[in-house]
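Taking it in order: structure first as structure tokens, then the write-up.
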Amino acid sequence: MAVSTIAGNILGAGVFTVSITPVSVAANTSVEQSFTVPGVRVGDYVAVVSPSLAAGVGVEQARVTAANTVAITFQNSTAAGVVPAAGAYQFLAVRPESGTFGSFAP
């Protein structure tokens, strides 16, 4: 198996705390909701931490969809609609130096 290295280094990283208010997620489904997060750019890697737990709701992923915009995918594993926790979410943004990554080939 051939593995190439990741191209470039980390140019910078930062933690942002932004107050957001998600809307209800329907029963047994996932939904992506977008929020303003000043300072993020397309190509940044983002991770998110919610301020508290809401029973049956999970954060599946986060991605930068446009400058200053992060989309969070919430997953509801219950039989009823659930609203994810509102409040101060923390975002870790990592900006790669080159903006591209190497490929991994078997």
_What are the ³J(HN,Hα) couplings of the stretch 40-50, residue after residue, when phi is run through the Karplus curve with 6.51, -1.76, 1.60 and θ = phi - 60°? Round to Hz, x for glycine and proline._
7, 10, 4, x, 6, 8, 10, 10, 10, 10, 7
*Stretch gain in nm, segment THR29-ALA79, where the contour uses 0.36 nm per residue and the Cα spacing is subtracted*: 17.0 nm
*Could you check the simple spin-label distance between ILE10 and THR65, using points 7 Å along Cα→Cβ, in nm with one decimal?*
2.6 nm
*Taking the Cβ-Cβ separation of THR21 and VAL42 as r and a Förster radius of 35 Å, what is the calculated FRET efficiency to the nearest 0.05?*
0.90
_log10 of Debye I(q)/I(0), alpha-carbon scatterers only, for the stretch 8-98 at 0.18, 0.22, 0.23, 0.24 Å⁻¹_ = -0.74, -1.01, -1.08, -1.14
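Every number in this text was worked out from the coordinates using simple rules, so none of it is lab data. In this text the structure is predicted, and so the values were computed from the model without any measurement. Ideal geometry is used to build each Cβ from the backbone, glycine not excepted, and the neighbour counts take in all protein chains shown.
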